[in-house]
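Asks: The following block contains the structure, expressed as structure tokens.
The values are calculated or read from the model by the stated rules, or taken from the named source; none is laboratory data. Everything numeric in this text was worked out from a predicted model, so none of it was measured. Cβ coordinates were reconstructed from backbone atoms using ideal geometry, including for glycine residues, and neighbour counts include every protein chain displayed. Surface areas here come from the heavy atoms of the whole protein model, side chains and all, with no ligands, DNA or RNA. Shrake-Rupley method; radii C 1.70, N 1.55, O 1.52, S 1.80 Å.
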Amino acid sequence: MVSSDVVAAVAVLRRGGLVAFPTETVYGLGADAANPAAVGRIFAVKGRPRSHPVIVHLAEATAVKAWAADVPPDAWALAEAFWPGPLTLILPRADHVPDAVTGGAATVGLRVPNQPLALELLSAFGSGIAAPSANRFGRVSPTTAAHVRADLGTAVDLVLDGGPCAVGVESTIVDLSRGAPRVLRLGGLSVEALSEVLGHRVEAQDGPGATPAPGTLLSHYAPAARVEVLASDAVADRARALLAEDRRVGVLAPRRIEGLPAGTEALPPAGSAAAYAKCLYQRLREADRIGLDVLLAVPPPDRGIGAAVADRLRRAASAG
């Protein structure tokens, strides 16, 4: 039985509207992926460059064949192991895929999300939904429906509320369009897990020559507060120096840091790498809510999902 909210969302999508919906990673801003005008509205609402591709979300892995011109064996192996889940595959696009989705590139990003409401929507819609994160381009991604409403307001025709996102950082993007698999964006699925399934180390690549992919700009995921990434033993001295400049300073770290100078705003400890990922964007938004000038961020260990958290913090810091 399809819920009334999903029925309403499908009707919005079919008439070319925008629907924000939850996934396990972040909330997406969805449009009918086969409708270039509808996809164009995503870019207009987000303020997103038209050359920056968006991911097409699917209800099941077999639907990949309708969107990709070629699906190599490694792609099927990863899909079987990790879909539904926080994995996006970059594949050669089928001829009918609109340029609006791919940014004019010869490839398309595809994924099957692991979130019940998202899967209900995708199944009821019966086709691909193009959906980048439901926020202004380059800013902090939304992990609750309230974040979406705060960022985009009435620019979204309908918001499906599925509660807080379980993972909290975007999907891992793997390029399979040019031979050996390469990770273009670290995310909710670790490089170690990918390598174990494929039987060999999967390398990460970005920068010049990399296949275009969402969320891979040097500056991204940024709050209004300036973010500085540093080791825990450097935090107290840096906070002291900034406070002397009359800056409002906050700290985000896996654990409580002792010896912080008076006046430092210590955000709640982020905890383990998985817990850090889940609360990261909430904490970045909290930094803006309380009016911080600078957020000093101590990343988790740079492995597993901790590598994705560290990546997001580095990109947020590059915007400062």
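Asks: Given (i) 59, 46, 35; (ii) 51, 48, 38; (iii) 90, 42, 34 as candidate values of Cα extents along the principal axes in Å, which corresponds to the one derived from the coordinates?
Replies: Among (i) 59, 46, 35; (ii) 51, 48, 38; (iii) 90, 42, 34, the one calculated here is (i).
Asks: Which FRET efficiency, nearest 0.05, do Ala69 and Ser123 yield, Cβ-Cβ r, R0 25 Å?
Replies: Rounded to the nearest 0.05, the efficiency is 0.55.
Asks: Order these peptides, 305-313, 143-151, 162-170, 71-79, by their mean beta-carbon neighbour count within 10 angstrom, highest first.
Replies: Result, highest mean Cβ count within 10 Å first: 305-313, 162-170, 143-151, 71-79.
Asks: Can you list the residues of the range 259-284 with backbone N under 18 Å from a point 7 Å past the Cα of Leu230, pointing along Cα to Cβ?
Replies: 259-267
Asks: If you don't mind, another one. Whenever you get a sec, compute what percent of the accessible area on the chain sits on carbon and sulfur atoms (1.4 Å probe).
Replies: Result for the chain: 52 percent of the exposed heavy-atom area is carbon or sulfur.
Asks: Using the Karplus equation 6.51 cos²θ - 1.76 cosθ + 1.60 (θ = phi - 60°), what ³J(HN,Hα) coupling, rounded to whole Hz, does each residue of the range 180-185 give in order, writing x for Gly and Pro?
Replies: 4, x, 9, 7, 9, 9
Asks: Order these peptides, 283-293, 220-230, by their mean beta-carbon neighbour count within 10 angstrom, highest first.
Replies: Packing order, densest peptide first, comes out as 220-230, 283-293.
Asks: Taking 0.36 nm per intervening residue step and subtracting the Cα-Cα distance, what contour gain separates Arg149 from Arg15 on full extension?
Replies: Here the answer is 46.1 nm.
Asks: In whole angstrom, note down how far apart the Cα centers of the range 284-304 and the range 1-71 are.
Replies: So the two Cα centres are separated by 30 Å.
Asks: Shifting gears a bit: Mind putting a number on the dipole of the range 220-271 about its Cα centre? Charges go on the C-beta only, +1 for Lys and Arg and -1 for Asp and Glu, and I need it in Debye to the nearest 20.
Replies: Charge dipole of the range 220-271: 120 debye, to the nearest 20.
Asks: Note down the magnitude of the dipole of the range 104-255 about its Cα centre, charges +1 on Lys and Arg C-beta and -1 on Asp and Glu C-beta and zero elsewhere, to the nearest 20 debye.
Replies: 220 debye
Asks: For the chain, give the share of DSSP beta bridges that are antiparallel, in percent and rounded to the nearest 5; count only bridges with both residues there.
Replies: That works out to approximately 40 percent antiparallel.
Asks: Between 0 and 90 degrees, rounded to the nearest ten: what's the tilt of helix 4-14 against the longest Cα principal axis of the chain?
Replies: Compared with the principal axis, the helix lies near 70 degrees.
Asks: Here's a follow-up. Select from Gly28, Gly153, Gly128 the residue whose mean-square fluctuation is largest in a Gaussian network model of the chain (Cα-Cα springs shorter than 10 Å).
Replies: So, out of Gly28, Gly153, Gly128, the one fluctuating most is Gly153.
Asks: Okay, moving on. What residues of the range 107-126 lie in the reach of a label at Met1, counting those whose backbone N is under 13 Å from a point 7 Å from the Cα along Cα→Cβ?
Replies: Inside the label zone: nothing.
Asks: Short version: ³J(HN,Hα) in whole Hz for each residue of the range 106-116, in order, from phi by Karplus 6.51 cos²θ - 1.76 cosθ + 1.60 (θ = phi - 60°), x for Gly and Pro, what are they?
Replies: 7, 10, 9, x, 10, 7, 10, x, 10, 8, x
Asks: Taking only protein heavy atoms into account and a 1.4 Å probe, give the accessible area per residue of the chain in Å².
Replies: Ligands and nucleic acids excluded, the figure is 40 Å² per residue.
Asks: Enter the angle in degrees (range 0 to 90, nearest 10) between the Cα long axis of helix 273-289 and the first principal axis of the Cα atoms of the chain, meaning the one along which they spread out most.
Replies: Rounded to the nearest ten degrees, it is 70.
Asks: If you take the charge dipole of the chain about its Cα centre, with +1 on Lys and Arg Cβ and -1 on Asp and Glu Cβ, which of Tyr221, Thr172, Ala273 is farthest toward its positive end?
Replies: The residue sitting farthest along the positive end of the dipole is Tyr221.
Asks: May I ask for the angle, rounded to the nearest 10°, between helix 305-318 and the longest principal axis of the chain, with both axes built from Cα atoms and the value confined to 0 to 90°?
Replies: For 305-318 against the chain, the angle is about 70 degrees.
Asks: Still on this model: Search the structure for amide H atoms under 5 Å from the amide H of Leu189, placed 1.01 Å from N in the peptide plane, and list their residues when 5 or more places away or on another chain.
Replies: Distant-sequence amide H within range of Leu189: Thr172.
Asks: So how do Lys278, Lys65, Lys46 rank on accessible area, 1.4 Å probe, biggest first, that is with the largest at the start?
Replies: Heavy-atom accessible area, descending, gives Lys65, Lys278, Lys46.
Asks: So, one more: Mind giving me the nanometre distance, one decimal, between the label points for Arg201 and Arg178, set 7 Å out from Cα along Cα→Cβ?
Replies: Here the answer is 2.0 nm between the modelled labels.
Asks: How do Asp237, Asp157, Asp175, Asp95 stack up against each other in accessible area, from largest to smallest, with a 1.4 angstrom probe?
Replies: Heavy-atom accessible area, descending, gives Asp95, Asp237, Asp157, Asp175.
Asks: Ile55's amide H: which non-local residues (gap 5+, or another chain) put their own amide H closer than 5 Å, with H modeled 1.01 Å from N in plane and none for Pro or chain starts?
Replies: Here the answer is Ala131, since their amide H atoms fall under 5 Å of that of Ile55.
Asks: Continuing with this model, one more query. Can you tell me the dipole magnitude for the chain around its Cα centre, using point charges on the Cβ only (Lys, Arg +1; Asp, Glu -1), in Debye to the nearest 20?
Replies: Charge dipole, the chain, about its Cα centre: 580 debye, nearest 20.
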